[in-house]
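Reviewing the structure listed below.
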Amino acid sequence: MREPTEFDLITALARPEIQTLAAYQSAAGSGGLRLHANEAPWRQDCDRSRGGLNRYPQPWPDELVGRLAGYYGVPGEWVAPTRGSDDGIDLLVRIFCRPGEDAVLLCPPTFGMYRVAADIQGAAVVEVPLDPDDGFSLRTRAVIEAGESSVRLVFLCSPNNPTGNSFSADDIETLCSDLAGKALVVVDEAYVEFSSLPSLIPVIRRYANLAVLRTFSKAHALAGARLGAVVARPELTGLLRRVLPPYALPTETIEVALRTLDEAYPEVLTARVEGIAKERARMTRALLELDRVIEVWPSDANFLLVKFDDAPGVVERTGREGVLIRDFSSSPWLPGCVRISIGSAGQNDRIIGLLQEVANG
Ligand SMILES: *Cc1c(COP(=O)(O)O)cnc(C)c1O
């Protein structure tokens with residue numbers, strides 16, 4: 001028998017039921033006369049899709065997976081497409097955490113879905129807060145020490161929502177190597193396109209226990225299409241492939257993603273992201289001039305975390321004018337804090353103008 005490699009070990013961390021799960025056998029095959037899936041033979045008049053919405057999509061969308069793999073610079077077997085990255089978070093918790101036994105580790109303040117997914121699964125949550133006195137940096141040693149035997153997943157969001165900062169690749173690699181064989185490190189890169197730091201995807205080559213989550217909901221402007229991806233070694237994406245329901249991605253989602261990811265797209269994306277970075281810098285300067293603003297944190301993302309002297313009052317005033325910003329001031333980690341997304345130049349002028357009025361009135 002072959003000795004297990006370190007890459008096999010990641011599958012050994014999965015719930016035993018998942019390791020032995022037999023995937024559903026879907027109606028395979030495309031083209032030809034489809035009389036094997038009980039589909040309708042007619043299309044709806046309003047159906048604008050290429051493939052026809054009367055037909056099931058491919059159980060595993062190979063063409064999209066190939067395009068995503070090209071975009072992320074990895075082999076196709078390293079990509080599992082998901083229904084937004086929320087789906088990836090949920091699937092990973094379900095694959096790795098036995099209810100009542102295993103735990104996930106979070107570094108608050110961070111994205112809320114990690115805890116929701118853990119709560120749904122009945123997994124415990126271990127918290128190692130970010131350091132608020134050091135720009136919400138990662139307390140790497142504390143994470144490793146807290147990575148006790150029951151922790152199966154460590155969720156890191158980089159750039160972090162809602163604080164906007166990125167974690168250092170060296171720190172994340174330290175976590176991956178210290179937790180090898182014990183826990184999976186999941187790096188949520190929902191905002192990495194806006195960051196000055198590169199993606200951790202190239203690092204996956206070295207760590208079986210590293211998974212990177214990507215989404216089309218932010219820089220790619222397709223939040224309504226619900227598309228994300230888990231990028232990881234094939235041993236891990238193989239588990240995801242077994243757990244994902246067949247036909248998980250709708251035909252329209254697959255088609256719009258294929259149309260988006262054409263040859264010209266990287267340039268288009270770069271220009272748009274640069275536009276957001278410029279507006280982010282302009283917004284930061286404008287906010288810092290307001291009397292009621294106490295702090296604006298540097299951001300690697302398409303939002304700013306801002307501390308006001310009266311956050312609930314500010315959010316209420318802007319809300320009355322139909323401008324929605326997110327109040328985090330009731331979070332124990334974020335007293336007085338509000339998160340403001342960077343919009344178009346005109347939208348940003350509007351919120352700045354409103355905040356100037358609030359400051360004066
Ligand atoms: C917005 C966001 C996502 C995206 O979730 P989708 O399900 O892909 O829309 C994932 N992670 C973080 C941290 C986010 O802020």
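Taken together, the values in this text are just the output of simple stated rules run on the coordinates, not laboratory data. This one's a predicted model, so the numbers in the text were calculated from it and none came from an experiment. Using ideal geometry, Cβ is built from the backbone for each residue, glycine included, and neighbour counts are taken over all protein chains shown.
Taking the number of Cβ atoms within 10 Å of each Cβ as an exposure proxy, the fewest-first ranking of 43, 115 is 43, 115. Once both labels are positioned 7 Å from their Cα atoms along Cα-to-Cβ, the gap between residue 331 and residue 291 label points is 2.9 nm. Coupling constants for the stretch 133-149 follow from the phi torsions by the Karplus curve (6.51 cos²θ - 1.76 cosθ + 1.60, θ = phi - 60°), and in residue order they are 8, 10, x, 6, 6, 7, 8, 4, 4, 5, 5, 5, 5, 7, x, 5, 4 Hz; glycine and proline get x. Sparse packing (at most 13 other Cβ atoms within 10 Å of the Cβ) combined with a DSSP loop state is found for the following GluC sites (Glu not before Pro) in the stretch 292-361: 321.
Amide hydrogen proximity for residue 111: with H placed 1.01 Å from N in the peptide plane, the residues at 5 or more positions away or on another chain lying under 5 Å are 161.
Classify the stretch 69-184 from the C-alpha gyration tensor, please: rounded if a/c falls under 1.5, else prolate or oblate depending on whether a/b exceeds b/c. The shape class here is rounded.
Mean Kyte-Doolittle of at least -0.5 plus a Cα span of 24 Å or more along the axis: flag which DSSP H helices in the chain meet both, please. Long hydrophobic helices here: 265-288. This ranking places 352, 204 by how few other beta-carbon atoms lie within 10 Å of each, fewest first, which gives 352, 204.
The modelled label-to-label distance for the pair residue 17/residue 50, using points 7 Å beyond Cα in the direction of Cβ, is 3.9 nm. Between 352, 38, 220, whose Cα lies farthest towards the positive end of the dipole of the chain when Lys and Arg beta carbons carry +1 and Asp and Glu beta carbons carry -1, centred on the Cα centre? Of the candidates, 38 comes out farthest on the positive side. Taken about its Cα centre, the chain carries a charge dipole of about 880 debye when Lys and Arg each add +1 at the Cβ and Asp and Glu each add -1 at the Cβ.
Derived scalar couplings between HN and Hα for the stretch 223-230 equal 4, x, 7, 6, 9, x, 8, 9 Hz in order, rounded to whole Hz, by the Karplus curve 6.51 cos²θ - 1.76 cosθ + 1.60 (θ = phi - 60°), x for Gly and Pro. Here's the picture: charge each Lys and Arg Cβ at +1 and each Asp and Glu Cβ at -1 in the chain, and of 314, 161, 59 the one pushed furthest to the positive end of that dipole is 59. Rounded if a/c is under 1.5, else prolate if a/b is larger than b/c, else oblate: which is the stretch 1-145, with a ≥ b ≥ c the root eigenvalues of its Cα gyration tensor? Prolate is the answer for the stretch 1-145, as a/c is 1.5 or above and a/b outweighs b/c.
Ordered by the count of other Cβ atoms within 10 Å of each Cβ, fewest first, 274, 193, 173 give 274, 173, 193.
Taking packing as the residue-averaged number of other Cβ atoms within 10 angstrom, the listed peptides 279-285, 100-106, 344-350, 59-65 run from highest to lowest as 100-106, 59-65, 279-285, 344-350. Within the chain, DSSP assigns beta bridges of which about 55% are antiparallel (rounded to the nearest 5). A P(r) calculated from all alpha carbon pairs of the stretch 212-361, with 5 Å bins opening at zero, reads 2, 8, 14, 16, 15, 12, 11, 10, 7, 4, 1, 0 percent. Amide H contacts under 5 Å for residue 188: 156, 157, 158, 213, restricted to partners 5 or more places along the chain or on a different chain, H placed in the peptide plane at 1.01 Å from N. A straight line joining the Cα centroids of the stretch 295-312 and the stretch 254-271 runs 31 Å.
Computed from phi, the 3J(HN,Hα) profile of the stretch 158-166 under the Karplus parametrisation 6.51, -1.76, 1.60 (θ = phi - 60°) reads 9, x, 7, 9, x, 8, x, 8, 9 Hz, with x in place of Gly and Pro. Each of the chymotrypsin sites (Phe, Trp or Tyr not before Pro) that DSSP puts in a loop and that has at most 11 other Cβ atoms within 10 Å breaks the chain; the longest unbroken stretch is 43-361. Among rounded, prolate and oblate, which fits the chain when a ≥ b ≥ c are the square roots of the eigenvalues of its C-alpha gyration tensor, a/c under 1.5 means rounded, and a/b larger than b/c means prolate? Oblate, since a/c reaches 1.5 and b/c is not below a/b.
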